[in-house]
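The block underneath contains the structure these notes are about, expressed in structure tokens.
Each reported figure results from applying straightforward, stated rules to the coordinates on display, with no laboratory input. What you see is a predicted model, and the numbers here were worked out from it, not measured in a lab. As a convention, Cβ positions derive from the backbone with ideal geometry for all residues, glycine included, and neighbour counts pool all protein chains shown.
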Amino acid sequence: MKTNTSKKVKVQKMGAFLSAEVMPNIGVFIGWGLLAALFIPTGWLPNETMNQMVAPTMKYLMPLLIAYTGGYNVHKKRGGVIGSFATMGVILGADINMLAGAMLMGPLAAWVLKKVDKLFEGKVKPGMEMMVNNFSLGLVGVCLMVLGFFAFVPVIEFLLGILSTAVDFLINKGLLPLIAVFVQPAKVLFLNNAVNHGIMIPLGVEQAAEAGKSLLFMIEANNGCVLGIALAFTFFGKGTAKKAAPGAAFINFFGGIGEVVYPFVLSKPLVILGQIAGSMVSLFIIQVFGGGTVAPISPGSFFALLSVSPKDAMLVNIISYFAGMAVSMLVAGFILKMDKTEDEAVLIEQDYGFDMPGAGAVVVDPKQNSAAVQRIIYACDAGMGSSVMGESIMKTKLQKAMLNIEVMHSSVATLCENARAGDLIVTTQPLEARVKNVLETNGKKNSVYAVDNLLNSEAYDRLVDSLKKSE
């Protein structure tokens, strides 16, 4: 069991690392997609002059932004600078878009510079620091740029060629919908970022640059099948789940945040069959009738999907979304209807208490820990979705309870930087093991409050009551 948890944590970490490179730049991807959707020859407003901005933005700007972000995550500003510098080698040395190359070269260059900086730490005479810093970055950057140009490009092109061939094979054989069997369960377990940000987005951008759109963007981010699960619990669920599901459906449709629905699936695992079936139907429609988007869909809301849909695929994308939703709802609804078990408080109403890292399954009495809470940090995978909404809910509850406790949000990966003594970390059950691992690895002793859903208002009521009693 520990081995399985460890593997899941490692995959989550890898996905979070890739996500931390891509997510801050998603706005640029969407902007580029809108530019392409408007001004390419098959766009809404074809314009030869404006179209000249599309290719350079995709070839140079987007990989450099990815490289800077990845480098910054490893070694702050110096890491970002050398990451961008070194990545120019793989950009100029390749005929294809080098998003994947940037995702590798940016962090690698930053890591190398970080090691070089450690060699000089404490050994540079006063007044010489700036010269040493600048020359070390320049020399290391040139070496890595040349290495990338001659050595990395063939390797990356070979790997991307294999992945592209595999995807083309699935598309040509009509087997692409089968990907849903792997992707949808991965989404529920927060393991999808490694696939989406590491493979689908780089290949999708390449396809979109050539064809004006790509269906790869819709493999993971088309949330129609997820909305179907929420609607199934709305109409066929029991007790707590039935009450909570409409709110989750609303948030998923308008906000595109799938995390609010995944706890429903985890509570009744068989309904994942509905999510898989819905996704397969969506992908089948997209593949057969030529759907796709010009850029990644983020967040995965219906309106985000519309905003990046080209005019020749708009109707297909809309149909695929609602068809996937309907199939998912019907299959999951049938499973729920056949389920004769009593309401298990699907949004599990256990009080998980404050579980200290390393405490195993021991549930600690909240009253023993709440007195020391100075700040509450909401942690989700990317730090940009459900954690932001959970933070907002908790702030409102603390204000009503007249408790002066600061609340903030964070990605799990950056908890080591954000968490300090006296902070309480609130996260979801699927991410609990990874949160504890991050805290333990960095010598943090913060308490962790694991809930099934970061929008679970009832769990926060109990938490606020505990905090109030400890005053």
Footprinting exposure proxy for 307, 466, 279 (fewest neighbouring C-beta atoms within 10 Å first): 307, 466, 279
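Report, for the chain, the % of DSSP beta bridges that are antiparallel, rounded to 5.
Numbers: 2 of 17 bridges.
Once the DSSP bridges in the chain are tallied, antiparallel ones form about 10 percent.
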Residue (of 112, 50, 101) at the positive-pole extreme of the stretch 11-128, dipole from beta-carbon charges: 112
For the stretch 120-277, the percent of all C-alpha pairs falling in each 10 Å bin, from 0 up to the bin holding the max distance, is 9, 27, 21, 16, 13, 10, 3, 0
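What order, most packed first, do the peptides 314-325, 34-45, 158-169, 59-70 have when packing is the mean number of other Cβ atoms within 10 Å of each residue?
Values: 314-325: 20.9, 34-45: 17.4, 158-169: 13.5, 59-70: 23.8.
Going from most to least packed, we get 59-70, 314-325, 34-45, 158-169.
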Give me P(r) over the stretch 1-110, computed from all C-alpha to C-alpha distances, binned every 10 Å, as integer percentages. 16, 35, 28, 16, 4, 1
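Taking a threshold of 22 Å on the Cα-Cα distance, which of the pairs 10/59; 77/444; 243/340; 115/436; 59/187; 77/115 fall above it? The partial results should precede the final answer.
Details: 10/59 31 Å; 77/444 25 Å; 243/340 19 Å; 115/436 27 Å; 59/187 30 Å; 77/115 15 Å.
With Cα atoms farther than 22 Å apart: 10/59; 77/444; 115/436; 59/187.
If I take all pairs of Cα atoms in the stretch 46-168, what percentage of them are more than 23 Å from each other? Working shown, then result.
Working: 2838 of 7503 pairs.
So the pairs more than 23 Å apart make up 38 percent of the total in the stretch 46-168.
Let me have the 222 nm mean residue ellipticity of the chain computed from DSSP H runs of 4+ only, each contributing -39500 (n - 2.57), with the sum over all residues rounded to the nearest 500.
Details: 21 runs with 291 residues, N = 471.
Only helices count here, giving -20000 deg cm²/dmol.
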Could you size up the charge dipole of the stretch 101-193 around its Cα centre, putting +1 on the beta carbon of Lys and Arg and -1 on that of Asp and Glu, and report it in debye to the nearest 20? 220
Pick out the long, greasy-scoring helices in the chain: whole DSSP H runs spanning 24 Å or more along their own axis by Cα, mean Kyte-Doolittle at least -1.0. 2-22, 62-93, 99-120, 129-147, 153-172, 239-255, 272-289, 314-338
Within straight-line cross-link reach of residue 468, lysines at Cα separation under 20 Å, skipping those fewer than 8 residues along the same chain: 367, 395, 397, 400
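Listing 197, 409 from the residue with the fewest other Cβ atoms within 10 Å to the one with the most, what is the order? It would help to have the intermediate numbers written out before the result.
Working: 197 27, 409 23.
Ranking 197, 409 by Cβ neighbours within 10 Å, fewest first, gives 409, 197.
Please report, in cubic angstrom per residue, the volume enclosed by the convex hull of the alpha-carbon atoms of the chain. List each step's numbers first, then the result.
Numbers: hull volume 79.2 nm³, N = 471.
Dividing the Cα hull volume of the chain by its residues yields 168 Å³.
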Options 66, 127, 19, ranked by Cα towards positive dipole end of the chain, top entry (Cβ charges): 127
Any trypsin sites (Lys or Arg not before Pro) in the stretch 151-226 that lie in a DSSP loop and have at most 16 other Cβ atoms within 10 Å would be 173
How large is the dipole of the chain about the Cα centre if only Lys and Arg carry +1 and Asp and Glu carry -1, each at its Cβ, rounded to the nearest 20 debye? 760
Would you work out which of 188, 223, 152 lies farthest towards the positive end of the dipole of the chain, given +1 charges on the beta-carbon of Lys and Arg and -1 on that of Asp and Glu, about the Cα centre? 152
